[in-house]
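A short write-up of the structure that comes next.
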Amino acid sequence: MTTTFWIITALLVALAFLFILYPLFFSRPEQRAATDLRNQNLLAYRTRLSELEEEFQQGNIDEDNFQMLKEELAGAMLDDVSEEQPAEEVRATDLRMDHRRRSTRAVVVLAALLLPVGVYLLYGKWGALDQVEQYEAMIELQQNGDRMAQMTVLTQRLADRLEEQPNNPDGWAMLGRSYMRMELYPEAAKAFERLADVAGADQAQAVAWGLSAQAWFFDSQGAMTDEVSRAMDRALELDPHEVNTLGLLGIHAFEQRDFEEAIRHWEKIIEVAPDHPQLSAIRAGVSRAYEQLGMDVPEHIQQGAGAEQPAISDRGVTVRVELDEAFAGQIEPDTTLFVYARTPDMQSAPLAVARLRAGQLPTELRLDDRLAMTPQFRISGAEEVVIAARISASGSATPQPGDYQGIREEPVPVVSGDSEPVTLVIDEQLY
């Protein structure tokens with residue numbers, strides 16, 4: 001696209017010069033000058049003849065004098081418009097015109113050399129070439145984003161362009177979404193934070209910080225890390241009703257079995273964002289929280305859901321998690337344990353995540369929609385999943401040296417109702 005831009009620019013400059021060069025090199029100025037002189041003499045003849053005729057009609061001159069003056073005027077006109085000019089006058093005219101042509105050609109040649117160079121240099125300094133290149137990378141990313149290898153290259157290209165010209169909110173937003181799709185959550189979080197720097201309005205900045213918090217939350221697989229808390233605090237400072245942050249607070253509260261707090265955050269989303277695209281899933285979460293409290297679901301939640309409220313799916317995977325005997329006695333009982341399910345292609349966030357303690361091993365649990373990190377990614381929508389578990393001393397779900405993990409490489413089908421548990425053994429320590 002950038003090459004095309006410069007080709008079009010060069011063609012337009014060449015077309016502009018054509019309008020200047022054609023009359024300069026292909027016109028005949030001496031002939032035009034002679035023609036102009038004859039035209040002036042003819043005009044003077046016609047004017048004087050008209051005056052004579054008017055005087056004759058008014059009786060100021062008799063017919064003899066009128067005929068004599070008319071013949072003299074015609075003779076003078078023939079002398080003035082004769083084809084031959086005096087040699088001295090011709091040479092003088094030629095010299096003047098030749099000097100003028102040489103000067104004009106010199107100016108045009110100089111302009112032809114300096115103008116394209118000047119255009120290129122000035123456009124590089126004050127133009128929008130970087131934005132053109134960013135736009136090119138964004139378009140290619142949209143067109144080729146379904147191919148992971150190409151997506152990686154194009155995403156890096158867009159990131160490089162944004163570093164050179166950072167004042168582009170649309171570019172940072174697309175970069176963050178691309179990193180999210182590639183599961184590069186720290187990079188996505190940082191891209192959304194850069195979006196907040198250039199977003200302008202407080203509400204737009206709050207949304208960017210909320211998206212950053214969501215990316216850090218995915219990276220920690222539901223743990224409320226310092227990065228998550230920092231991003232959420234910034235979002236709520238700018239907008240206390242930022243829906244991404246309220247959603248994460250509700251999910252965290254639900255996982256901690258603080259159902260009243262989960263209800264408070266999720267109902268706030270229903271209040272401030274009645275057109276939220278995941279509103280039906282949020283209402284379902286509120287309903288589940290009320291059920292966990294043993295309370296009736298309020299009528300406004302039931303009525304608001306209406307026909308769009310999805311039934312709570314019982315599709316999921318039952319897992320029995322065990323610790324390999326080789327590691328017995330090496331792990332503190334209160335160390336964080338994550339158990340999660342993902343799509344086999346690993347192209348989405350975890351579909352279900354349970355946060356437990358190592359002291360609960362061995363344990364049996366059900367991975368279903370109740371453990372979804374966000375309404376967009378739920379295990380009930382998958383046909384099969386890969387299950388894994390990780391014991392993390394730091395409390396971070398990101399693999400670190402010293403963690404213990406187990407992965408069942410063979411995909412497990414997602415089924416409805418009760419099913420036989422799938423055994424998952426934590427049998428590896430990371431170094």
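Here, each number is a calculation from the coordinates, and none is a lab measurement. A quick note: this is a predicted structure, and the numbers were derived from the prediction, not measured. All Cβ positions, even for glycine, are placed from backbone atoms using ideal geometry, and neighbour counts span all protein chains on display.
Structure data summary
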read-out	value
Protection proxy ranking, peptides 222-232, 187-197, average beta carbon neighbours within 10 Å, highest first	187-197, 222-232
Peptides ranked, highest mean first, by Cβ atoms within 10 Å: ranges 246-257, 209-220, 152-163, 57-68	209-220, 246-257, 152-163, 57-68
Neighbour-count order for MET182, MET295, fewest beta carbons within 10 angstrom listed first	MET295, MET182
